[in-house]
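Q: Submitted below is the structure of interest, expressed as structure tokens.
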Amino acid sequence: MPIYIDLHQAMLKQVGDVFLDTQSQLPNHYLNRLNPAQGNGYRERYDFGKLCVGKGKYWLHHPLTIKTKVSTHIFGITILLSGTHYIKNHQSNIKYEIRSPMIILRKGNLGVQTIYLPANKNMSLISLDFNESLLPVIGSTFEQHELATFFLNTSMPAIKTIHIPNKDVLHQAHYLLNAPPAQSSINLLHLEGAALELLSLILHKNTQIDQIPALIQETINILENQFENKITIRHLSKMVGTNECDLKRLFKEHTGKTIGEFLLSIRMRHAQILLKEGISVENTANRIGYSSSQYFKQIFERYFGYSF
């Protein structure tokens, strides 16, 4: 089994039966379901050699404290898309409160860490782990980038948080998160390509130009995680603490879409995934927020230009 999956499984064993093993038939892939006694959700890993992709979604019935020891020297990027993580690194004795959406940079031998996860909150993340073989590429191509400085400077702390730089990174991360588990080698190639595209977007030199305001990131997070509910702009504006006019204007300015268009794209993306998995049209419509399957069919055909 590849090194990153070995490391991940060893860490999960340290926290008991929180996550249960579900072995995949595909090479270099491992899936762990959350123990139903703890909540619901999953974490999975795809190890492509130079790059290991992890993703997870989960909801806990009760607060959970996880204490693990990471003794392997690795480099990693974690994109926290929803929820809040509280982390204490015992090696540096530094405590972190990391609220989504946020990027966590990791490097070196982190030693013992304690992670506190709150209850009754949607939590989702993407992680990209890699070894020293990618550092020369990062250093030569992105030498002035904030991430390159972090990974190449040995005097910097082992953990650092940065804001998600632009909408393209956020969209690609959610796309990767919502992609269904791979069922074939072709699916693996697609996932590897999507992960490399995400890494490229994060490292792009011009990413700081298009900084997304926190309230727009929060709005996107709500839409991504509550798309199956009836969502009004009035309700959204109250949740993120601004007025309706400013929210509509800023959202369009920073995403290139209206709130309605963005919500529709999320629902249609999920509809494609559910239909591909064999879910009936009626159940798919219901699960993405439409009470009428006939209306859903009309919307789907208008959006994609083909029927099913």
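Bear in mind these aren't lab numbers, they're just calculated from the coordinates by the rules spelled out. Fair warning: this is a prediction, and the values are worked out from it, not measured in the lab. So basically every Cβ, Gly included, is an ideal-geometry build from the backbone, and we count neighbours across all protein chains shown.
Q: Could you work out the relative contact order of segment 213-304, using alpha carbon pairs under 8 angstrom and six or more residues apart, expressed as a whole percent?
A: Over segment 213-304, the number comes to 28 percent.
Q: Of Arg267, Arg234, Arg106, how do they rank once you tally other Cβ atoms within 10 Å and put the fewest first?
A: Ranking Arg267, Arg234, Arg106 by Cβ neighbours within 10 Å, fewest first, gives Arg234, Arg106, Arg267.
Q: Now a separate question. Tell me the Kirkwood hydrodynamic radius of segment 3-202 in angstroms, computed as one over the mean inverse distance between distinct C-alpha pairs.
A: Answer for segment 3-202: a Kirkwood hydrodynamic radius of 17.3 Å.
Q: Continuing with the same structure: Sort Asp129, Asp6, Asp168 by Cβ crowding within 10 Å, fewest neighbours at the top.
A: Arranged by neighbour count, lowest to highest, Asp129, Asp6, Asp168 become Asp6, Asp168, Asp129.
Q: Can you give the helix-only mean residue ellipticity at 222 nm for the chain, where every DSSP H stretch with n ≥ 4 adds -39500 (n - 2.57) and the sum goes over all residues, rounded to the nearest 500 deg cm²/dmol?
A: Dividing the helical sum by the residues of the chain leaves -12500 deg cm²/dmol.
Q: Another question, if that's okay. Going by how many other beta carbons lie within 10 Å of each one, how would you line up Cys245, Cys52, fewest first?
A: Cys245, Cys52
Q: Follow-up question, since we're still on this one. Using θ = phi - 60° and the Karplus form 6.51 cos²θ - 1.76 cosθ + 1.60, what ³J(HN,Hα) does each residue of segment 116-131 get, whole Hz, x for Gly and Pro?
A: 10, 10, x, 8, 6, 9, 5, 10, 8, 7, 10, 10, 10, 10, 8, 10
Q: Still on this structure, please answer the following. Whole number please: convex hull volume per residue, Cα atoms of segment 181-308, in Å³.
A: Enclosed volume per residue, from the Cα hull, is 132 Å³.
Q: Please enumerate, by chain and number, the lysines with C-alpha under 28 Å from the C-alpha of Lys107, excluding those fewer than 8 residues away in the same chain.
A: Lys13, Lys50, Lys55, Lys57, Lys67, Lys69, Lys88, Lys95, Lys121, Lys160, Lys167, Lys205
Q: Tell me the net charge near Leu20. Cut-off is 12 Å between Cβ atoms, Leu20 excluded, with +1 for each Lys or Arg and -1 for each Asp or Glu.
A: +1
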